[in-house]
Amino acid sequence: MKKNNKKLDFPVIIDTEKCKGCELCIYYCPKKCLGKSEEINKLGYTYAVLTKPEECNSCGTCYIMCPEYIITVFKFEKTPVAVGNKK
Ligand code: SF4
Ligand code: SF4
């Protein structure tokens, strides 16, 4: 399992090196899109990763539940783009 990418193409970024693997974010995610790594971080814990980014609705529950304050949640807003008009 890969670590979260730091680029902003994912709605959730986890500072995985600071994760203590408590699983609160995983347990409370209403969309079940977080999981556990197979690797261990430098603290010696398996860490939370976003396993199904396409399922995430940016609700922010994981960010609220994390006792380590290491989760950032982004919401991608759609910007309207003009296709054309007849004026
Ligand atoms: S923002 Fe909500 S849906 Fe997305 S990973 Fe966190 S808890 Fe799950
Ligand atoms: S709630 Fe925070 S510390 Fe606990 S597993 Fe999730 S990211 Fe790691």
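Averaging the sequence gap over all C-alpha pairs within less than 8 Å and six or more residues apart, then dividing by the number of residues, gives the chain a relative contact order of 33 percent.
Over the chain, DSSP H runs of length four or greater, each weighted -39,500 (n - 2.57), average out per residue to a 222 nm ellipticity of -2000 deg cm²/dmol. For segment 5-77, chymotrypsin sites (Phe, Trp or Tyr not before Pro) meeting the loop criterion (DSSP other than H, G, I, E, B) and having at most 15 other Cβ atoms within 10 Å: TYR69, PHE74, PHE76.
Coordinate-derived values only; no laboratory data. Note that this is a predicted model, so its numbers are computed, not measured. Using ideal geometry, Cβ is built from the backbone for each residue, glycine included, and neighbour counts are taken over all protein chains shown.
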